[in-house]
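A.B. asks: What follows is a single structure, and I will ask about it in a moment.
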Amino acid sequence: MTLLSPKASLPLSARSCYQRSMVDLSALGDAILKGERAALARAITLAESRRADHREQAQALLSRLLPHTGKAIRVGITGVPGVGKSTTIDALGSYLTRQGHKVAVLAVDPSSTRSGGSILGDKTRMAQLAVDPNAYIRPSPSSGTLGGVAAKTRETMLLCEAAGFDVILVETVGVGQSETAVTDLTDFFLVLMLPNAGDELQGIKKGIIELADMLAVNKADGDGATAARAAAAQYKAALHILAPTSPLWSTPVVTISGLTGAGLDALWAKIEEHRARFEAKGLIAEKRRRQDVKWIWAMVQDRLQAKLRHDPALKARTPKLEAAVAAGEMAPTAAADEIAKALGL
Ligand SMILES: Nc1nc2c(ncn2[C@@H]2O[C@H](COP(=O)(O)OP(=O)(O)OP(=O)(O)O)[C@@H](O)[C@H]2O)c(=O)[nH]1
Ligand SMILES: [Mg+2]
């Protein structure tokens, strides 16, 4: 049975089930548009589900809500563990809700199973936002590939936009490839740095700078203030020798304190300035369209991986193929052929 294209020939029970589901989806959609948090949470759970029927319903809901999405500023925030991402998001998010914004905080963390959902623990580090009626904190989907997690986070982001959230902050831990996944989701990419610059400059050389739209040296408070300023000067010098990523924008370096909130107003002003400049040239919309194209492939890859992991026949067969190849009894190409065939390729 498909929930999307009803057939008059469906048995009565299936037809009423179809109708019931449509009523639910349309009521759910309306409730989301009204900003009802329970409805939003339910829709996100549907989108994150691995069940095919849930995914179908989530897709139907998303298609319906799509015209109501896209109005938020989408900001990715990264940095090494402990740099202060959650603390800064708590302070920045609260600053923004005080300005009348509605702020959704999402996470892309493919390793969140390791710590049992790091951002959940983070809710304690986002104590202000966690109780703020104009903020919504959602942990990273707890399973799937990085591409899959990012694809689901994108759906969550769209649902939040439909529910009226006009600022989306996506936290990702600055290790591995999750930064790239987050730049494929967001309009602006903020990299938080620690004041002790030595190692961090290495991070800059390793390529994070090509992704960053702004660097913020955090923990610029108390005894750390002087070190943070010195680090910021070093980053500025390092950035100076690199070509800007866009003729419209040279990556600013600011100092902030997530703990005291110092510098967050100036930081947000820069983000708004970036948006105004890029929007005026139609570049935000263009970037989002490119991201949409990538999104297709993230979803396709995730489904292929899911099939590999969950298809009973494949699940039973792949370890045997691996063992045969490892023992030198089978050619890798033959094993790959068999798996591809089972996947219908
Ligand atoms: N002095 C000072 N401490 C800070 C600041 N921001 C964060 N911290 C402290 O640094 C520690 C780590 O902060 P978090 O916000 O959890 O860091 P995170 O980057 O989210 O860490 P992960 O989620 O584990 O990657 C905590 O003990 C914070 O209190 C700041 O601006 N100043
Ligand atoms: Mg954190």
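A.B. asks: For the residues L283, L158, what sequence is obtained by ranking on other C-beta atoms within 10 Å, fewest first? Don't skip to the end; give the middle numbers.
C.D. replies: Values: L283 16, L158 21.
Going from least to most buried by this count: L283, L158.
A.B. asks: Can you compute the charge dipole magnitude of the chain about its Cα centre, using +1 on each Lys and Arg Cβ and -1 on each Asp and Glu Cβ, nothing else charged? Give it in debye, rounded to the nearest 20.
C.D. replies: 760
A.B. asks: Say each of R309 and D30 gets a label point 7 Å from the Cα, pointing the same way as Cα to Cβ; how far apart are those two points in nm?
C.D. replies: Each label point lies 7 Å from its Cα, and together they span 3.7 nm.
A.B. asks: Additional query: With θ set to phi - 60°, apply the Karplus curve 6.51 cos²θ - 1.76 cosθ + 1.60 along segment 86-103 and write out the HN-Hα couplings as whole Hz, x wherever there is a Gly or Pro.
C.D. replies: The phi angles translate into 5, 4, 5, 4, 4, 6, 5, x, 5, 4, 6, 5, 5, 7, x, 7, 10, 10 Hz.
A.B. asks: Can you find, among W249, A43, T172, the residue farthest towards the positive end of the dipole of the chain? Put +1 on the C-beta of Lys and Arg, -1 on that of Asp and Glu.
C.D. replies: A43
A.B. asks: Rounded to whole Hz and in sequence order, give me ³J(HN,Hα) for segment 314-325 from the Karplus expression 6.51 cos²θ - 1.76 cosθ + 1.60, θ = phi - 60°, writing x for Gly and Pro.
C.D. replies: For segment 314-325, the Karplus curve yields 5, 4, 6, 7, 4, x, 5, 5, 4, 5, 5, 5 Hz.
A.B. asks: List I73, I241, I256, I168 from most exposed to least, where exposure is judged by having the fewest other Cβ atoms within 10 Å. Walk me through the numbers before you get to the answer.
C.D. replies: Numbers: I73 21, I241 6, I256 28, I168 25.
Listed from fewest to most nearby Cβ atoms, that is I241, I73, I168, I256.
A.B. asks: Among G261, V75, L28, whose Cα projects farthest towards the positive end of the dipole of the chain, with charges put on the beta-carbon of Lys, Arg (+1) and Asp, Glu (-1)?
C.D. replies: L28
A.B. asks: While we're on this one: Step through the residues of segment 35-47 one at a time and calculate ³J(HN,Hα) from phi using the Karplus curve (6.51 cos²θ - 1.76 cosθ + 1.60, θ = phi - 60°), rounding each to whole Hz and writing x for Gly and Pro.
C.D. replies: Whole-Hz 3J(HN,Hα) from phi for segment 35-47: x, 6, 5, 5, 5, 4, 4, 5, 5, 5, 4, 4, 5.
A.B. asks: Something else now. Counting other beta carbons within 10 Å of each residue's own, what order do M330, M214, M157 fall into, fewest first?
C.D. replies: Working: M330 16, M214 19, M157 23.
Ordered by Cβ neighbours within 10 Å, fewest first: M330, M214, M157.
A.B. asks: For V170, what residues show an amide H to amide H distance below 5 Å, using hydrogens built from the backbone and excluding near sequence neighbours?
C.D. replies: Excluding prolines and chain starts, which carry no amide H, the hits are V75, G76, I77, L106.
A.B. asks: Just to be sure I follow the rule: in segment 69-281, considering lysines 8 or more places apart or on different chains, how many pairs have Cα atoms under 18 Å apart?
C.D. replies: Lysine pairs satisfying the spacing and distance rule in segment 69-281 number 11.
A.B. asks: Find how much the distance from A280 to A342 grows on full extension, using 0.36 nm per residue of separation minus their present alpha carbon separation; answer in nm with one decimal.
C.D. replies: 17.4 nm
A.B. asks: Let me ask another. How much length would be gained if the chain were fully extended between Q128 and Q59, taking 0.36 nm per residue of separation minus their Cα-Cα distance, in nm to one decimal?
C.D. replies: 21.6 nm
A.B. asks: Continuing with the same structure: Treating the beta-carbon of each Lys and Arg as +1 and of each Asp and Glu as -1, no other charges, what is the dipole magnitude of segment 288-342 about its Cα centre, to the nearest 20 debye? Intermediate values should be presented prior to the final figure.
C.D. replies: Values: 11 positive and 7 negative charges, 97 e Å.
Roughly 460 debye, rounded to the nearest 20.
A.B. asks: Please report Rg over Rh for the chain, where both radii come from the alpha carbon positions and Rh follows the Kirkwood definition.
C.D. replies: Ratio value, two decimals: 1.03.
A.B. asks: In deg cm²/dmol and to the nearest 500, what is the mean residue ellipticity at 222 nm of the chain if only DSSP H runs of at least 4 residues count, each as -39500 (n - 2.57), divided by the residue total?
C.D. replies: Helix contribution divided over all residues of the chain: -17500 deg cm²/dmol.
Bear in mind these aren't lab numbers, they're just calculated from the coordinates by the rules spelled out. Nothing here was measured: the structure is a model prediction, and the numbers come from that model. We place every Cβ from the backbone using ideal geometry, glycine too, and count neighbours over all the protein chains shown.
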